[in-house]
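The values are calculated or read from the model by the stated rules, or taken from the named source; none is laboratory data. What you are looking at is a predicted structure, and each value in this text was computed from that prediction instead of being measured. With ideal geometry, Cβ positions are generated from the backbone for all residues, glycine too; neighbour counts draw on all protein chains shown. Only protein heavy atoms, including side chains, enter the accessible area calculation; ligands, DNA and RNA are left aside. Shrake-Rupley method; radii C 1.70, N 1.55, O 1.52, S 1.80 Å.
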Amino acid sequence: MVAHVLGLRLALLAGSVRARPAVVARRVFATLALVVAVVAVCVAVVRLGDAASGTASTLLVTAGSLVVAGFLLVPLFAGAEDPLDPRRFSPLGLPPGRLAATIVLASLVSVPAMVVIAFGVAVVTAWTQQGASVPLAVFATLLGLATCVVGARCAMAIGALALRDRRGPQLTGLLVVAASVLVVPAAVFLVSLDWSGGLPTQLTEAASALAVSPIGAAWAIPLRAGGDLARSVAIALLTLLALVLLWWWLVRRMLTTTQRPVPVRERRGLGWFAVMPGLPSGVIAARSVVYWFSDPRHLANIVIVPIASVLVVVPLLVVGVPVQTVALIPPPLMALFLGWLAHNDLAYDSTGIWMHIASGVRGIADRVGRLAPIMLISVPLLAAAITLSVWVHDRWSILPAMVGVCVSLFACGLGLGSVSSAAAPYAVTRPGDGPFEQPQRTGGGMAQALVLFGAIVVSAPALWWGWLTLSRGPDYAWAALWGGIIIGAVVLLAGVIVGGVVFERRSSRLMEFAETM
């Protein structure tokens, strides 16, 4: 079976050159350009074998991490049709495990696989010239190559399951935003480095972090020793194992799940409803996104939060506080207020809440769906704010701490707000009124204060680790990052669950509240 699939793969590659002359010419030109680029990269990698050990290690780990990240992300954005889609082999009745292994082996006969194999050979040559053990260098490179191939298969399967029939302007915009969140901070980081004195220390620190990350651990193995070697090997093996299990599960799901075919024109005509999952929470998320982007009341809140976060620090600049210190204040404030915006989202829904209660929507689905628009807007906004803030501060070692603090404040605000909006909604301006008009009824001050100050109190550990990072050094930065992520995730999950229960138990009161709005 493996030989048969490999033969089919070779036939597909040979058939790609049997097309119209114009198409063949474009493909030949693209192939030649790719070959030139690959040769140039491989030559540059081999020449790192003569560089200093620290320089070679930093650049090889960084380059290998970028290659793995590309194999994981590019298939999601490309949207190309997969010739080795597991569903094409469903008539053969193969077991999921056997089919998964066959497709992975057949994937090696492809242009991307050939490129990464050439890169791997160059990396092995560079490591051995640096004095690394040949078996260890080969083992590390094989781990990296396997991670690339299996990760690409997982990405293509996820794209085929979740994104293939949903591509449209909305999904394209989401993918562009997701790419900008990852690419823009990295570009700002590289541009801001000072390369005049050799490798910048920030790049060395980034490579050290990548050496213990899932995407870079395999490429850091050859020149590590002792505990560092064991840690990198363990992370690389666990990453590959996780990808293999994910790939097996995806193949099994694709072979046992039948999707209802929907015309592409019909899906694109649904807008955000075609992009979101076909679940109650997905429908609510799509409707919430449409409301947020068309309601002046929501747009006013989104515009005011960044402006207010910047204006707060103006007095500090006036009294002479250094710009490098002041630059660190707006992102946490922005994260806090953006998370706080969810504390009264039901009041802005007007009569839309009737549809949820009358149709028997679960409370958790309502809570999750309503968080979609604020997360869609806030994540890229915070990514840009954090990048700009750290760039002005000029200490990239505090980036993990800043991310952890902002994630904690934002997620805790969303979690507490999910409970508050169902337990204690209060009157807001009516639809169609100006965003700055006052409602006829007052109240809700306690709910506002509890969510705002509650997010700060719950995020106190992350804030404390962030302060230690600034005052004592970057040793506490990773504690702030992971502590902030864990605290935020726990509070957000608990808030959604509790808020869902409160929503179901107070459904009659919520309908009465909506009627009086």
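Report, to the nearest whole %, how much of the accessible area of segment 299-386 belongs to carbon and sulfur atoms, 1.4 Å probe, protein only. The partial results should precede the final answer.
Values: 2870 of 3620 Å².
That fraction is 79 percent.
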Where does each of V451, V138, V124 land when they are ordered by accessible area, with a 1.4 Å probe and the largest first? V138, V124, V451
Accessible-area ranking of R362, R153, largest first, probe 1.4 Å: R362, R153
Along Cα→Cβ, 7 Å out, is where each label goes; now give me the distance between the ones at V303 and V43 in nm to one decimal. 5.4 nm
Express in Å², to the nearest 10, the accessible area of M114 obtained by rolling a 1.4 Å probe over the protein heavy atoms while all chains stay in place. 110 Å²
Give me the one-decimal nm value for the distance between modelled label points at V323 and V111, 7 Å along each residue's Cα-to-Cβ direction. 4.6 nm
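Need the full-extension length gain, V121 to F453, defined as separation in residues times 0.36 nm minus the C-alpha distance. One decimal, nm.
Details: separation 332, 0.36 × 332 = 119.52 nm, distance 5.54 nm.
Roughly 114.0 nm would be gained on extension.
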With no solvent and one equal point scatterer placed on each C-alpha of segment 85-167, evaluate the Debye formula and give log10 I(q)/I(0) for q = 0.18, 0.22, 0.26 Å⁻¹, two decimals. -0.84, -1.04, -1.22
For A358 and L493 in the same chain, what is the full-extension length gain: residue separation times 0.36 nm, less their Cα-Cα distance, in nm? 46.1 nm
SASA check, D82, accessible area w/ 1.4 Å probe, all protein chains in place, rounded to nearest 10 Å², comes out at 10 Å²
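So how much slack lies between T55 and L161, counting 0.36 nm per residue of separation and subtracting their Cα-Cα distance, in nm? Provide the component values of the computation, followed by the final result.
Working: separation 106, 0.36 × 106 = 38.16 nm, distance 4.16 nm.
Once the chain is fully extended between T55 and L161, it gains 34.0 nm.
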Using a Förster radius of 35 Å, what is the FRET efficiency between M375 and A33 based on their Cβ-Cβ separation? Nearest 0.05, please. 0.35
Per-residue HN-Hα couplings for segment 84-96 [Karplus 6.51, -1.76, 1.60; θ = phi - 60°; Hz; x = Gly/Pro]: 10, 4, x, 5, 5, 9, 4, x, 7, x, 6, x, x
What number results when the radius of gyration of segment 316-381, computed over Cα atoms, is divided by 2.2 N^0.38 Å? 1.66
Using the Kirkwood formula on the Cα atoms of segment 272-378, what hydrodynamic radius do you get, in angstrom to one decimal? 15.5 Å
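Where only protein heavy atoms count, and the probe is 1.4 Å, what is the accessible area per residue for segment 299-410 in Å²? All intermediate terms of the calculation are to be shown ahead of the outcome.
Numbers: 4410 Å² over 112 residues.
In whole numbers, segment 299-410 has 39 Å² accessible per residue.
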